[in-house]
Amino acid sequence: MGTFLGIVLGGILIYFLCMFIEHTEKKKTKEKDISWNRVLPQYIGKHCEITVKDPLVYIDIMHSVKGLLLDVDDEWIMLECKGKKTIKKILRISNISSVKEII
C-alpha cells in the first residue's frame with residue numbers, strides 16, 4: 001500500500017512539474033509576441049519576407065511568404081501577396097518567427 005501511494009504521489013508531482021514548465025514556455029512566447037507588436041508597425045507599407053514558426057497550410061504558407069505589409073493589429077497582420085492574382089493573407093503575430101524588408 002505504501003509503495004502504491006509513493007508511485008501515485010510521484011506521478012502527481014511529475015504532472016504538476018510538466019504543467020509548470022508548459023506554462024513558463026507559453027509565458028516566454030507571449031513576451032516575444034509583445035516585442036513583435038513594437039517592431040512590425042515600422043514595416044507597414046513596405047515589402048517584407050515573413051518567416052513563420054510552423055507551416056500554415058490553410059493559408060498556403062509553408063516556410064515564409066513575401067508581400068506588402070498592409071496593416072498590423074495587436075494579434076494579427078495583413079499581407080498583400082502578388083502572383084497570378086493579388087491575395088490578402090491574414091496571420092497571427094504569434095506565428096511569426098522573423099521579418100525582413102525586401103528592397
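Brief remarks follow.
- Here the chain has 61 percent of its accessible surface on carbon and sulfur atoms, given a 1.4 Å probe and all protein chains in place.
- Accessible area in square angstrom per residue, the chain, 1.4 angstrom probe: 76
- Computed over the chain, the per-residue total of -39500 (n - 2.57) for DSSP H runs of n ≥ 4 gives a 222 nm mean residue ellipticity of -13500 deg cm²/dmol, rounded to 500.
- Relative contact order, percent, the chain [alpha-carbon distance under 8 Å, six or more residues apart]: 25
- For the chain, the longest principal axis of the C-alpha atoms and the axis of helix 2-39 are separated by about 20°.
The values are calculated or read from the model by the stated rules, or taken from the named source; none is laboratory data. Predicted model only: the values in this text are computed from it and were never measured. For the accessible areas, the whole protein counts, side chains as well, though only heavy atoms, and no ligand, DNA or RNA atoms are used. Shrake-Rupley method; radii C 1.70, N 1.55, O 1.52, S 1.80 Å.
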